[in-house]
Amino acid sequence: MAWFKQRNALTTERKIKIPEGLWVKCNNCKEIIYKKELDKNLKICPKCNYHFRISAKERLKLLVDDGSFIEMDPGLSSDDPLNFRDKISYTERLEANRKKSSLTEAAIYGEATIAGHPVVLVIMDFSFMGGSMGSVVGEKVVRAAERALETGRPLIIAASSGGARMQEGIFSLMQMARVSAAIARLKDSGPLYISVLSDPTFGGVTASFAMLGDIILAEPKSLIGFAGPRVIEQTIKQQLPGDFQRAEFLLEHGFIDRIVDRKELKKTIAKIIELLT
Amino acid sequence: MIKCYLDFEKPIGELELKIEELRHLSDGKDLNISGEIKKLEKKARELRTTIFSKLTPWQKTLLARHPDRPYTLDYINILAEDFIELHGDRKFSDDRAIVGGIGTIKNNPVVIIGHQKGRGTKERIRRNFGQPHSEGFRKARRLMELAEKFRRPVITFIDTPGAYPGIGAEERGQAEAIASNLMTMSKLKVPIISVVIGEGGSGGALALSVSDSLCMLEHSIYSVISPEGCAAILWKKNGDLKHEDFARAADALKLTAQDLMAYKVIDDIIPEPPGGAHRDVKQTAGNILAKILESLEELKTKPAEELVEDRYKRLKKIGSFLKER
C-alpha cells in the first residue's frame, strides 16, 4: 500500500492546456489531427481514411449542387404521443436537441440536383437524438418516397441512425413498416432508390429503408448492423472480431453494393443515375 | 395443470392448493365437504377476476412471458387439425424459432406462420427462446409468397422477445431479412391476419405482423424495446436495475393491448379467460378463432388491389401524432 502512495506522491500532474476544439483525435487510428485540416478534408482522417460523422448540413453541401436544395416540411414535429418522461420530458428533450443542433428533427428532406440530375433527398443527422427514427423521420421518408414516385425523380437517402426512437414507443416501431411500405411502391416500376449508409446505421433504420435500396452504398469503415455490438457481446459473452459490422464486413457478406469514399460520393451517385435512368 | 405461479398469481395458487388438498381428503371418504370446496372455488374465481382486472404493465409483461402460456403450435394444433408444417428458407437452414405451414381453419385453407418458443430447457434452447435468425424471417417470407401464389390468406402468431442479436444473424443480414419481410408483406396480394399471443418484441415481431387485421390477446404486449432494455438505456445503473425500474419502464412504454387499442394501432383485443390464456387454452383458442373467422369473412371478398391499397392507407394513418411547428 505504501508503495502506491509513494508513487502517487512522486507523480506531478502536469497538464498541457490546449484550447478546446483545435485538435481532434481520430476514433480509428488515434492520430491527433488539426481540426481545420480535418474540415478541409471533408472530415476524413488524412492518415487512415476514417470518415468522421458529419452533420446533415455538411453532407448536403458535399452531395448536392450549390443552392439547389429546397427543404420540404421543415416544421414537422412530434406531439409526444406517449407523454414520455425519463429524466426530463420528451418534449423538453426535443427542444434541447433543437437548440443544440439548429435542426428541427433527425432528418431533413427535399428536392435538389446532383451534378444536374434532379433528385428527392433525405439526409439523417446522428447528432439529433442519435439520428433516431420516430414519427417525424418516418413521415419524412414516406413523403419523400411518395414525392419520388410522383415526380419520377430518383430517391437518395443518406442514413445515419441508432435505430427506432424509444421515446415514441410503438409509433417508432410502426415507422419501420410505414417506410418499408412506401419504398415497396417504388420497387416494381418506380424511380431509382439509392441508399447511402454512413457511420453508424443500426436497428430499425437498417431493418427498414436503409437495406431496401436498389443500390446500397456505404462510407468506408462505417458501423452498420441490426443489433448494436454491445448488445451482441452481452448476449453471446464473447468479444467480437475487429471488422465486425464494418462496411467492409457487409460488402464481404453481400449486403451492400459498394464502399465509396466521401470525396467520390457525389460523382458516384451521379454516374449511377446516368447509367440507370 | 398449472406448474408455475408468478408472484401476483401466488394468492390464487395457495387457494387452489387448499382446494386440491380438500378434494384429496374427501376422496373416497364419507366426508361432507363439497360445500366447503364449492365456496373456496367461488372465492378463487373471484380472486382471479380481481387480480387480473388490475394488472400493471409490468405484470402483463411477465404474464405475456409466462412459462405456461400457450405458444403458436398449441393454438395451431387446436385451430387447424390438418396442419402440415413446412421447413427451411431454401438458402441456409431451418430456423426453429419460427414455424409455418399449410392447413385449414374451419374449412378455410390458409398459410399459418408464427414465432415458436419452447417449453422445458432442451426445447427452449432448440427454439432459441423464440428469437429468430435471418433464416427464420426468410422462411416466413417464402411461405407468404407461397400463400400469394395459391391465393391463401396468411395467419400469423406473434410471440418473440425479438430478433436474435448474434454474430451469425448479422453475418447473414438480420436487418435485410426483416426489411424485406416488411416490404413483401406491405404488398402481398392476399389477406394477412396477425394475432399477438404473447410478447411482441420489436423488429422481430413486426417482421411477421404487417397486416390487414392486427389483434392482441388481452394480456399480451407489443413494444419497440423490452422494459429491461429501456430501463438500461434510461437509468444506466450498471446491471443494478431492479423490478421497480422495469416496472417504471413498462409504464412509460405504453405496451399493453389496452394502450395500443386506445392509440388505434391495433384493431381489437381478444379476451382471455380469467387468470390468463394458460388457464384454458381451448377457450383462448376459441376466442382467437372467432376473431380470425370474422376478419377472414371481411377480407376474403376484397379484390387484391384494393386489399394492398387499404393496407398502405392503414399503415399511413399510424403515427399521425404530428404537428407543424
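The values are calculated or read from the model by the stated rules, or taken from the named source; none is laboratory data. On a predicted model such as this, the values are computed, not experimentally measured, just so you know. With ideal geometry, Cβ positions are generated from the backbone for all residues, glycine too; neighbour counts draw on all protein chains shown.
Can you list the helices (runs of 4 or more DSSP H) found entirely within the range A:168-268 that contain at least 2 residues being in contact with a helix residue (DSSP H, G or I) (Cβ under 8 Å, 6 or more places away or on another chain) and hydroxyl-bearing (Ser, Thr, Tyr)?
Numbers: elements: A:169-187, A:203-206, A:229-236, A:247-252.
Filter on the range A:168-268 gives A:169-187.
Here is a check on your reading of the model: is B:Val210 at pLDDT 95 or above, over 22 Å from B:Tyr71 (Cβ atoms), outside any strand (DSSP E or B) and within 14 Å of chain A (Cβ to nearest Cβ)?
no
What are the pairs, 6+ residues apart or on separate chains, where a residue within the range B:301-325 that is more than 8 Å from chain A (Cβ to nearest Cβ) has its Cβ under 6 Å from a residue that is not basic (Lys, Arg)?
Sorted first by the residue in the range B:301-325, then by its partner, the list stays empty.
Being closer than 23 Å to A:Arg178 by Cα and modelled with pLDDT of 95 or more is true for just one of B:Lys313, B:Lys291. Which residue is that?
Just one listed residue meets the conditions, B:Lys313.
Please enumerate the residues belonging to the range A:251-275 that are free of Cβ contacts under 8 Å to residues at least 40 places away in the same chain and of a type outside the set (Gly, Ala, Ser).
Selection gives A:Leu251, A:Glu252, A:His253, A:Glu264, A:Lys271, A:Leu275.
Taking the range A:53-68 on its own, how many of its residues are surrounded by 20 or more Cβ atoms within 10 Å (Cβ to Cβ) and assigned to a loop (DSSP other than H, G, I, E, B)?
Summing the residues that are surrounded by 20 or more Cβ atoms within 10 Å (Cβ to Cβ) and assigned to a loop (DSSP other than H, G, I, E, B) in the range A:53-68 gives 2.
I need the helices (runs of 4 or more DSSP H) fully contained in the range B:110-200, keeping only those with at least 1 residues that are closer than 28 Å to B:Asp259 by Cβ and of a type in the set (Ser, Thr, Tyr).
Output list reads B:174-186.
For the range A:112-135, which residues satisfy the criterion of being crowded, with 21+ Cβ neighbours inside 10 Å, within 14 Å of chain B (Cβ to nearest Cβ) and within 18 Å of A:Thr201 (Cβ to Cβ)?
A:Met129, A:Ser132, A:Met133, A:Gly134
What residue, among those in the range A:226-251 that are in contact with a strand residue (DSSP E or B) (Cβ under 8 Å, 6 or more places away or on another chain) and surrounded by 18 or more Cβ atoms within 10 Å (Cβ to Cβ), is nearest to the other protein chains (Cβ to nearest Cβ)?
Selected residue: A:Gln245.
Quick check on this structure: which one of B:Ala97, B:Ala177, B:Ala163, B:Ala169 is at negative phi and in contact with a strand residue (DSSP E or B) (Cβ under 7 Å, 6 or more places away or on another chain)? First the steps, then the outcome.
Values: B:Ala177 fails: in contact with a strand residue (DSSP E or B) (Cβ under 7 Å, 6 or more places away or on another chain); B:Ala163 fails: in contact with a strand residue (DSSP E or B) (Cβ under 7 Å, 6 or more places away or on another chain); B:Ala169 fails: in contact with a strand residue (DSSP E or B) (Cβ under 7 Å, 6 or more places away or on another chain).
Every option except B:Ala97 fails the conditions.
Which residues, counting only those in the range A:170-187, are out of contact with any Lys or Arg (no Cβ under 9 Å at 6 or more places or on another chain) and either surrounded by fewer than 24 Cβ atoms within 10 Å (Cβ to Cβ) or more than 23 Å from A:Lys271 (Cβ to Cβ) (or both)? Let's see the steps before the verdict.
Filtering the range A:170-187 for residues out of contact with any Lys or Arg (no Cβ under 9 Å at 6 or more places or on another chain) gives A:173-174, A:176-177, A:179-180, A:183, A:186.
Correct list: A:Leu173, A:Met174, A:Met176, A:Ala177, A:Val179, A:Ser180, A:Leu186.
Among the listed residues A:Gly254, A:Gly190, which satisfies the condition of being at pLDDT below 95, over 20 Å from A:Met124 (Cα atoms) and surrounded by fewer than 23 Cβ atoms within 10 Å (Cβ to Cβ)?
Residue meeting the stated conditions: A:Gly190.
What helices (runs of 4 or more DSSP H), lying completely within the range B:250-325, carry at least 3 residues that are surrounded by fewer than 14 Cβ atoms within 10 Å (Cβ to Cβ)?
Values: elements: B:257-262, B:281-299, B:304-317.
Result: B:281-299, B:304-317.
Cβ-Cβ below 7 Å, separation at least six or inter-chain, first residue in the range A:199-214 and on the phi > 0 side of the Ramachandran plot, second crowded, with 24+ Cβ neighbours inside 10 Å: which pairs?
A:Gly203/A:Gly163; A:Gly203/A:Ala164; A:Gly203/A:Phe226
Evaluate the range A:169-187: report whether one residue or more is away from chain B (no Cβ under 13 Å) and of a type outside the set (S, T, N, Q).
As a first pass, look at the range A:169-187 and keep what is away from chain B (no Cβ under 13 Å): none.
Checked the range A:169-187: no residue is away from chain B (no Cβ under 13 Å) and of a type outside the set (S, T, N, Q).
Does A:Ala158 fit the bill of being on the phi < 0 side of the Ramachandran plot, modelled with pLDDT of 95 or more and outside any helix (DSSP H, G or I)?
On the way: on the phi < 0 side of the Ramachandran plot: yes; modelled with pLDDT of 95 or more: yes; outside any helix (DSSP H, G or I): yes.
For A:Ala158, the condition - on the phi < 0 side of the Ramachandran plot, modelled with pLDDT of 95 or more and outside any helix (DSSP H, G or I) - is met.
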